[in-house]
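A.B. asks: Got a structure here, written out as structure tokens. Questions coming.
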Amino acid sequence: MDMVLPNAKVRQQSRSRYLAFCLLALLMSAPAFAGQDASNTATVPIITQIDAGHFKAADAAITAALAQPGLSTDTQRDLSFQRERMRRILLDFTLSADDVKALVRKKIPDLTDAEFAKWNAAGLFEHQLIDGKTLYFKRSPGNLFQLSAEALARRAVQTPLVEGPMEALNDHQRTIYLTALSEHHSSVLPRRLRMTQTLSVDADAVPAGEVIRAWIPYPQEIPGQQEDIHYVASVPAKHQIAPASVAQRTAYLEQPAIAGKKTVFSVTWELTQYAQSHAIDPARVTRSRITPELAPFVAERAPHIVFTDAMRAFSRKVVGNEKNPYRIAQKLFAAVDQIPWAGAREYSTISNISDYALHAGHADCGQQTLLLMTLLRLNGIPTRWQSGMVFSDDGSHYNNIHDWGFVYLAPYGWVPMDVTTGRLHPLPSDAPALEWFYLGGLDQYRVAFNSDFDQPFQPSKRHFRSDNVDSQRGEAEWNGGNIYFDHLDYDFDWQVLPAVHGRSSN
């Protein structure tokens with residue numbers, strides 16, 4: 001999940017092209033069930049009811065199901081999560097049509113009812129019909145300007161949309177590409193980074209004296225990407241860092257709540273970062289032999305990687321008769337890159353993220369990544385997940401949470417892909433290959449916390465995760481339950497350090 005904003009001009013031009021692809025997918029749409037455990041048949045009809053907006057009926061069904069004797073602990077938990085999912089959806093969908101109009105009029109004071117009706121009919125304001133009442137996503141007024149060039153031009157004050165510094169081709173990406181070519185190495189430009197992540201729990205969110213348990217993301221040890229990870233400090237000092245083998249790595253911390261005060265946790269670490277650029281010759285790429293080690297990475301993985309009829313139809317439309325795995329990857333990368341970016345609802349509320357991204361008409365980074373992973377796997381091309389955060393050293397203190405992935409291309413092996421940053425636009429003086437920098441390369445302004453999605457913490461949480469797919473902002477709980485994102489805040493602070501023998505001099 002992220003708030004990275006793609007290039008505005010490309011984003012606006014891409015929507016109409018993407019909608020053509022979407023139409024076919026919609027026609028072939030089929031339900032794909034998901035939730036805390038899609039394999040649990042007791043939850044499938046309830047998930048269907050929730051996705052259809054029948055919350056009262058779903059709640060009654062959950063009550064009836066939980067009253068049945070002999071339910072396993074897992075089934076009870078899955079049913080209870082569906083009730084929690086409804087609560088979270090209602091935290092995301094809080095606006096009436098009048099609320100949306102009022103918020104849009106802050107940017108477009110002379111907005112007409114006809115304009116609003118037109119944009120609403122075009123699906124530009126995400127909404128759900130819940131128990132007969134239309135509720136709009138709380139970020140839909142701002143998302144309008146990501147999705148509509150017409151609305152963007154209608155703003156009374158034409159300020160530029162905020163974008164991440166890597167969204168357009170720049171000298172950093174050029175340097176990575178040229179250095180990798182000259183050094184004949186895919187991992188280049190090592191540098192030392194120190195970062196502190198802070199997680200704050202609202203004052204009085206938990207009764208005074210109760211112990212709050214916190215999990216703050218901690219970097220993965222990844223050869224050639226981020227190495228030599230060194231713990232520096234934490235608040236409180238006592239901490240537990242998950243083993244390097246844990247796919248969603250964290251630092252675990254505890255401290256008691258104090259009345260009237262925020263409870264603040266933090267962890268500081270250092271690591272050595274590398275940029276990446278793989279010089280891929282499409283003519284050399286061959287279809288991978290799917291070994292037992294690669295087999296999980298071409299498989300479906302419900303609830304969020306499912307080969308639905310709509311997914312198959314979309315893939316056929318995009319791929320056509322192409323057989324070369326790299327060319328297939330390019331085609332699918334380009335198609336998913338055309339999906340306009342928009343701020344996302346919480347992942348834990350979505351029953352099948354790749355299917356949602358295919359049909360919603362917009363998607364954020366994790367949604368785009370899971371869609372691309374699904375489409376590539378459907379074509380027999382192995383993919384895996386990576387996520388963490390992105391930042392800048394341009395003085396703006398820009399930072400964000402972000403998701404991307406890796407694709408396996410023989411004979412090159414695993415190479416990065418960041419479909420949300422997407423295709424770049426080289427100048428006539430640039431190497432044409434820079435267009436595809438993010439299909440085989442990564443910039444140096446990111447840290448990976450997770451090597452997979454939907455994975456447990458160590459130590460595990462006792463209560464529901466706030467995000468059961470990703471781990472970037474941090475999580476907290478107490479004996480009384482989970483502490484959801486509406487009572488949490490997070491921040492990052494960082495410094496690029498002078499390197500001395502691979503480690504900072506501090």
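The values are calculated or read from the model by the stated rules, or taken from the named source; none is laboratory data. Remember, it's a predicted structure, so these values are computed and weren't measured experimentally. Counting neighbours? That spans all protein chains shown, and the Cβs are built from the backbone with ideal geometry, glycine included. These area figures cover heavy atoms from the full protein model, side chains too; ligands, DNA and RNA do not enter into them. Shrake-Rupley method; radii C 1.70, N 1.55, O 1.52, S 1.80 Å.
A.B. asks: Among 380, 343, which is open to solvent by less than 10 Å² (accessible area, probe 1.4 Å), small (Gly, Ala, Ser) and over 16 Å from residue 468 (Cα atoms)?
C.D. replies: Among 380, 343, only 343 is open to solvent by less than 10 Å² (accessible area, probe 1.4 Å), small (Gly, Ala, Ser) and over 16 Å from residue 468 (Cα atoms).
A.B. asks: I'd like the full set of residues that are over 24 Å from the mean Cα position of the chain (by Cα) and open to solvent by 10 Å² or more (accessible area, probe 1.4 Å), limited to the stretch 39-48. I'd like the intermediate steps shown before the answer.
C.D. replies: First, pick out the residues of the stretch 39-48 that are over 24 Å from the mean Cα position of the chain (by Cα): 40-46.
Within the stretch 39-48, 40, 41, 42, 44, 45 qualify.
A.B. asks: Turning to a different aspect of this structure: Report every pair of residues separated by at least 6 positions or lying on different chains whose Cβ atoms are under 6 Å apart, first residue within the stretch 339-354 and over 16 Å from residue 128 (Cβ atoms), second of a type in the set (Phe, Trp, Tyr) and open to solvent by less than 10 Å² (accessible area, probe 1.4 Å).
C.D. replies: Cβ pairs passing all conditions: 339/18.
A.B. asks: So which helices (runs of 4 or more DSSP H) are wholly in the stretch 132-234 and hold at least 2 residues that are under 30 Å from residue 269 (Cα atoms), at pLDDT 95 or above and open to solvent by less than 40 Å² (accessible area, probe 1.4 Å)? Spell out the reasoning first.
C.D. replies: Numbers: elements: 140-147, 149-153, 171-183.
Helices (runs of 4 or more DSSP H) meeting the threshold: 171-183.
A.B. asks: Now for a different question. For residue 334, which of the numbered conditions (1) over 30 Å from residue 216 (Cα atoms); (2) open to solvent by 40 Å² or more (accessible area, probe 1.4 Å); (3) in contact (Cβ under 8 Å) with a residue 60 or more places away in the chain; (4) not polar (S, T, N, Q) fails to hold?
C.D. replies: (2)
A.B. asks: Is it the case that the stretch 437-447 has a residue that's over 20 Å from the mean Cα position of the chain (by Cα) and free of Cβ contacts under 8 Å to residues at least 60 places away in the same chain?
C.D. replies: no
A.B. asks: Identify the residue in the stretch 379-397 that is farther than 18 Å from residue 288 by Cα and part of a loop (DSSP other than H, G, I, E, B) and, among all such residues, is modelled with the highest pLDDT.
C.D. replies: 392
A.B. asks: While we're here: Name the helices (runs of 4 or more DSSP H) wholly inside the stretch 49-124 in which the number of residues that are under 21 Å from residue 361 (Cβ atoms), of a type outside the set (D, E, K, R) and open to solvent by less than 60 Å² (accessible area, probe 1.4 Å) is 3 or more.
C.D. replies: Because the criterion is at least 3 residues that are under 21 Å from residue 361 (Cβ atoms), of a type outside the set (D, E, K, R) and open to solvent by less than 60 Å² (accessible area, probe 1.4 Å), the helices (runs of 4 or more DSSP H) in the stretch 49-124 that meet it are 97-104, 113-121.
A.B. asks: Taking the conditions exactly as written (charged (D, E, K, R) and at pLDDT below 80), does residue 77 satisfy them or not?
C.D. replies: no
A.B. asks: Taking into account only those residues within the stretch 402-457 that are outside any strand (DSSP E or B) and among the hydroxyl-bearing types (Ser, Thr, Tyr), which is surrounded by the fewest Cβ atoms within 10 Å (Cβ to Cβ)?
C.D. replies: 429
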